[in-house]
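Chemist: To start, I am sharing the structure in question, which I have written as structure tokens.
The values are calculated or read from the model by the stated rules, or taken from the named source; none is laboratory data. Computed from a predicted model, the values in this text were never measured in an experiment. Ideal geometry is used to build each Cβ from the backbone, glycine not excepted, and the neighbour counts take in all protein chains shown.
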Amino acid sequence: MATGEFAAHAAHAHAGPTSWIRKYVFSLDHKVIGMQYYFLALTAVFVGMILSLLMRIHLIWPDATLPLLGEIKPETYLSLLTMHGTIMVFFVLTTAPQGGFGNYFLPIQIGAPDMAFPVLNMLSFWVTALAFIVMIAAFFVVGGAPLHGWTGYPPLSALQSSGPGEGLGADLWVISIALFCIGALMSALNFITTTLDMRAKGMTMMRMPLTCWAWFITAILGLLAFGVLLSAGILLLLDRNAGTSFFVPLVTINGQLAGHKGGSPLLWQHLFWFFGHPEVYIAILPAMGLCSQLLSVFSRKPIFGYKAMVYAMLSIGFLGFMVWGHHMFMSGMSPYTAFAFSIMTMAIGVPSAIKTFNWLGTIWRGRIRFTSPMLFALGFVSLFVSGGISGPFLAQPVLDIQLHDTYFVVGHFHLIMGVASIFGIFAATYYWFPKMYGRMMNENLARWHFFISLIGTYAIFMPMHYLGMAGHLRRYSQLTELNYLHGLVPLQTFMTYAAFVTIAGQFIFLFNLFWSMKFGKKASDNPWEATTLEWTTATPPPHDNFGGHMPVVNNGPYEYSVPGEARDFVMQTDPALVKGH
Amino acid sequence: MGLVLLVVIWLITFISAYFFIAKTWWLPAGASVAAAGIDHHFSTTYILMGAVFVAAQVILGYFAWKYRDRGSASPQVQYTHGNNTLEITWTVLTLILFVGLNFMSSSIWASERFRPAAPGAVQVEVTGMQFAWYFRYPGPDGKFGGTKPELQDASAGGEGAIGLDTTDPASKDDFVTGTMYVPVNREVEVVLRAEDVIHSFFVPAMRFKQDAVPGLAIHMHFTPITTGDYEIACSQLCGLGHYKMHGILKVVSQEDYDKWLAAREAEKQ
């Protein structure tokens, strides 16, 4: 390990704060900041979920009058989908796995007393929180929230006159995303530095738990991707308010010249998807790392192919920056580049498949304990396969002709980037709750939550593939105008009912979370009999994580059922195993 | 619990697969030259991916049940950190499957998008605007006249809506319609334009989709092979009326097309 390690540690061994504000609000402690991120994401996910429910209700009962909202108009529907997508992608899928659990557990798992830059860490959270407030404010301004979708393609998103919500609401939307990018950039720097510089003695890179590898690679992706989105956002803001024409050519809206000239709408798409595709991996990589970990812990078996898993994640991260054009096969981009992007996209399926093989290899001939985190990890694998398998359809431009912008795409990314990642978040919650709160969550409630979520998820998103094959386009607020959609309404109705049940199931989780904080069964320091460093320290961990001493690591993270050992797990801090097993 | 999980995962898999195999919901019937090739490749991809999907889910469910913790009745856990031969085998196999699939479809993509329309193709310019499609035909001279954004006035409809420059001699015989007519079995060259925001011209039965982007004139082609009326939809979010931006493509016999063309040109005189 690096020289200067002890000096670095000494600098971080600051005393715990005593005032309530410094302890719980403007805290420098990565554990408190992690929880702040987590509860921000929890708030966001319930907002996003309610928005999706309103959309599903509107699709089936278009003239229903809802309490408070009244009738949902076409533009309201588009605002709902824009805000649902934006909130879910940024404030849930990017925030909870990385900002939440990454912040809380990366330092502990690598044996550090805190993140490398605690003040920066606090700042990144509060900038993100501010971004969320600005985003929500878009609902309450004149004209309401924007209707341009989470991808915000100009000229629609660049012209105030292109529709309701494209005034102040759209400005707030862009500002919120720009703020979010700033927060994410600061956070990414912190994660990378912490992983490289703050590992405990003996914690070599190849002894890091796969969760840490995932957070580390995610941070690198974030550093490279969010800067591009930030720039694009600023350019869009200038186009909207300062009369520039980065993204808008000479166009007329309702017979009026819009006053722009010479810009390129495709430029935005390139910048947006240069961020947007790595973003998919930013959302899913932490879940991959975590589920790899959980499958090993609860099969009581070493992870199958640790190095292959690390290399697979690295290749996903690397290739993730070369595939953005597959979102643009129908955009007017050169068809020759489409061919190149298509090859790269098919190639990125390979490391994803390697991971699936290794997950199956991990549970093979193991001894599976069906705890709640394990159920969600197995559910994750199932969803990852189902969502992944539709990828090779969309990656081929020839098939994308029919499937692009249909529900097939919506089903694909909801299964893999949406729900699979969220299963990762649930698994992480059930797994680490005992360490965070010193109590266990209720296992019976967790099982109900799991089965309702798994079956419900498939019931909502699998039919979307059928819809997409039949040509059902996404972002349609009414299903009455095109004749060929009429026969598909029963399927939409089924999905709405499935959404009701699935969303109801999430309140079981919410109840379990808060109830267990107070009334859950007391947890021991290592209730799952796992090997990584967070389970060697007190529960909840003290301010400096390890109570004054620094752990020394002797073993890899996944030593389960080692022949000849008394227990079926060997802690990373236990005396070194003899090589040659 | 292992058994419950096996049953749930298998049921989800078999029910999902049933609807794919039964083709309860499927691609609309194809009506263009390209459709057969595209649909065939769709089926190939779908059989291969479907097999992977079912195999992976069935194995996942089976392993979950088979290797459940049965206390002292459980066999010894296999202490292994992996197997390089296996890793290399499945990496190579997946690579061949995925990239191979891609190369299989590349010739269709090339004929759809690399090759320009043949000379003598029927020319139609398609203009998208919030929230309508207009179709322009070049008239007897075979040439489209110029258009100017400052002349675009949706409320005027027709030639006015697309901003036709009437001072251009080539525009004199151009005519604009709200329904797209094309003759069967002839290649149609489509020039796609948009006036305000991005739209996307989607004709499911023709296996045809292409964005219409302001500032660009995108040249595409397709060849209808069955007469009939086909729905045109907008597939790129273009504003609050996106859902109702649709049109009709009428594929008629050459004879009917000529009659229709003559009538339109006569109106223009």
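Chemist: Under the condition of being away from chain B (no Cβ under 14 Å) and of a type in the set (A, V, I, L, M), which residue from region A:537-564 is nearest to A:PRO434 (Cα to Cα)?
Modeler: A:ALA538
Chemist: Scan region B:215-269 residue by residue and report those that are among the aromatic types (Phe, Trp, Tyr) and either surrounded by fewer than 19 Cβ atoms within 10 Å (Cβ to Cβ) or more than 30 Å from A:VAL410 (Cα to Cα) (or both).
Modeler: Selection gives B:TYR257, B:TRP260.
Chemist: When you scan region B:152-269 for strands (runs of 3 or more DSSP E) that lie fully inside it, which ones turn up with 1 or more residues that are among the hydrophobic types (A, V, I, L, M, F, W, C), within 14 Å of chain A (Cβ to nearest Cβ) and touching a Pro at 6+ places or on another chain (Cβ under 6 Å)?
Modeler: Output list reads B:188-194.
Chemist: Would you check which residues across region A:159-198 are modelled with pLDDT of 95 or more and in contact with a Cys (Cβ under 9 Å, 6 or more places away or on another chain) and list them?
Modeler: Residue satisfying the conditions is A:THR195 alone.
Chemist: So, one more: Could you go through region B:123-142 and let me know if any residue there is on the phi < 0 side of the Ramachandran plot and more than 27 Å from the chain's Cα centre (by Cα).
Modeler: yes
Chemist: Closer than 15 Å to A:GLN36 by Cα and away from every other protein chain (no Cβ under 14 Å), is that true of A:VAL142?
Modeler: Answer is no for this residue.
Chemist: Identify, please: which residue in region A:113-136 is within 20 Å of A:THR43 (Cβ to Cβ) and among the β-branched types (Val, Ile, Thr) and is, among those, surrounded by the fewest Cβ atoms within 10 Å (Cβ to Cβ)?
Modeler: A:ILE133
Chemist: Residue check, A:PHE139 against (1) in a loop (DSSP other than H, G, I, E, B); (2) of a type outside the set (Asp, Glu); (3) surrounded by fewer than 24 Cβ atoms within 10 Å (Cβ to Cβ), all met but one. Which one?
Modeler: Only one criterion in (1) in a loop (DSSP other than H, G, I, E, B); (2) of a type outside the set (Asp, Glu); (3) surrounded by fewer than 24 Cβ atoms within 10 Å (Cβ to Cβ) is unmet by A:PHE139, namely (1).
Chemist: Same structure, new question: Checking the condition over 26 Å from B:PRO28 (Cβ atoms) and modelled with pLDDT under 95, which residue from A:GLY349, A:GLY438, A:GLY418, A:GLY424 passes?
Modeler: A:GLY349 is the lone residue from the list that is over 26 Å from B:PRO28 (Cβ atoms) and modelled with pLDDT under 95.
Chemist: Report, by residue number, each residue of region A:436-480 that is at the interface with another protein chain (Cβ under 10 Å from one of its Cβ atoms), out of contact with any Leu (no Cβ under 9 Å at 6 or more places or on another chain) and within 15 Å of A:TYR497 (Cα to Cα).
Modeler: Matches in region A:436-480: A:ALA459 only.
Chemist: Just need a number here: residues in region A:16-65 that are in contact (Cβ under 8 Å) with a residue 40 or more places away in the chain and in a loop (DSSP other than H, G, I, E, B).
Modeler: Going through region A:16-65 one residue at a time, the tally reaches 6.
Chemist: Right, next: For A:MET115, state whether it is more than 14 Å from chain B (Cβ to nearest Cβ), modelled with pLDDT of 95 or more and outside any helix (DSSP H, G or I).
Modeler: Criteria met by A:MET115.
Chemist: If you take just the helices (runs of 4 or more DSSP H) that sit entirely in region A:373-445, which of them hold at least 1 residues that are free of Cβ contacts under 8 Å to residues at least 12 places away in the same chain and crowded, with 24+ Cβ neighbours inside 10 Å?
Modeler: Result: A:397-403.
Chemist: For region A:294-325, enumerate the residues that are under 20 Å from the mean Cα position of the chain (by Cα), part of a helix (DSSP H, G or I) and in contact (Cβ under 8 Å) with a residue 12 or more places away in the chain.
Modeler: Of everything in region A:294-325, those that are under 20 Å from the mean Cα position of the chain (by Cα), part of a helix (DSSP H, G or I) and in contact (Cβ under 8 Å) with a residue 12 or more places away in the chain turn out to be A:LEU294, A:LEU295, A:MET309, A:VAL310, A:ALA312, A:MET313, A:LEU314, A:SER315, A:ILE316, A:GLY317, A:LEU319, A:TRP324.
Chemist: Take the residues in region A:287-325 that are aromatic (Phe, Trp, Tyr) and more than 12 Å from chain B (Cβ to nearest Cβ), then tell me which one is farthest from A:ASN555 (Cα to Cα).
Modeler: Only one residue fits best here, namely A:TRP324.
Chemist: Can you tell me which residue is nearest to the chain's Cα centre (by Cα) among those in region B:81-119 that are at the interface with chain A (Cβ under 7 Å from one of its Cβ atoms) and outside any helix (DSSP H, G or I)?
Modeler: Top of the filtered list is B:GLY82.
Chemist: Next question. For region A:17-72, how many residues meet the condition of being modelled with pLDDT of 95 or more, among the aromatic types (Phe, Trp, Tyr) and farther than 22 Å from A:GLY456 by Cβ?
Modeler: The total comes to 3.
Chemist: Looking only at region B:26-78, count every residue that is buried (at least 19 other Cβ atoms within 10 Å of the Cβ), facing chain A (nearest Cβ under 10 Å) and assigned to a loop (DSSP other than H, G, I, E, B) and tell me the total.
Modeler: 4
Chemist: Another one. Any idea which of B:ALA55, B:ALA132, B:ALA118, B:ALA154 is at pLDDT below 90 and aliphatic (A, V, I, L, M)?
Modeler: Answer to the selection: B:ALA154.
Chemist: Run B:GLY146 past the list (1) over 20 Å from the mean Cα position of the chain (by Cα); (2) of a type in the set (Gly, Ala, Ser); (3) at pLDDT 95 or above and report the number of the one that doesn't hold.
Modeler: Every listed condition holds for B:GLY146 apart from (3).
Chemist: What residue, among those in region A:81-94 that are in contact (Cβ under 8 Å) with a residue 60 or more places away in the chain and among the aliphatic types (A, V, I, L, M), is surrounded by the fewest Cβ atoms within 10 Å (Cβ to Cβ)?
Modeler: This residue is A:LEU81.
Chemist: Whether any residue in region A:335-354 is in contact (Cβ under 8 Å) with a residue 60 or more places away in the chain and part of a loop (DSSP other than H, G, I, E, B) is what I want to check.
Modeler: Within region A:335-354, none of the residues are in contact (Cβ under 8 Å) with a residue 60 or more places away in the chain and part of a loop (DSSP other than H, G, I, E, B).
Chemist: Hey, another quick one. Going by what's in this entry, would A:GLY366 be described as in contact (Cβ under 8 Å) with a residue 24 or more places away in the chain, under 22 Å from A:MET309 (Cα atoms) and crowded, with 22+ Cβ neighbours inside 10 Å?
Modeler: yes
Chemist: Can you tell me which of A:ALA258, A:ALA200, A:ALA214, A:ALA219 is within 24 Å of B:GLN152 (Cα to Cα), among the small types (Gly, Ala, Ser) and in contact (Cβ under 8 Å) with a residue 60 or more places away in the chain?
Modeler: On the way: A:ALA200 fails: within 24 Å of B:GLN152 (Cα to Cα); A:ALA214 fails: within 24 Å of B:GLN152 (Cα to Cα); A:ALA219 fails: within 24 Å of B:GLN152 (Cα to Cα).
Answer to the selection: A:ALA258.
Chemist: Can you find, within region A:510-566, the residue that is surrounded by the fewest Cβ atoms within 10 Å (Cβ to Cβ) among those that are of a type in the set (A, V, I, L, M) and within 27 Å of A:MET206 (Cβ to Cβ)?
Modeler: Only one residue fits best here, namely A:ALA566.
Chemist: Go through region A:338-392 and give me each residue that's at the interface with chain B (Cβ under 9 Å from one of its Cβ atoms), more than 23 Å from the chain's Cα centre (by Cα) and over 21 Å from B:TYR79 (Cβ atoms).
Modeler: Result: A:ALA338, A:PHE339, A:SER342, A:ILE343, A:PHE370.
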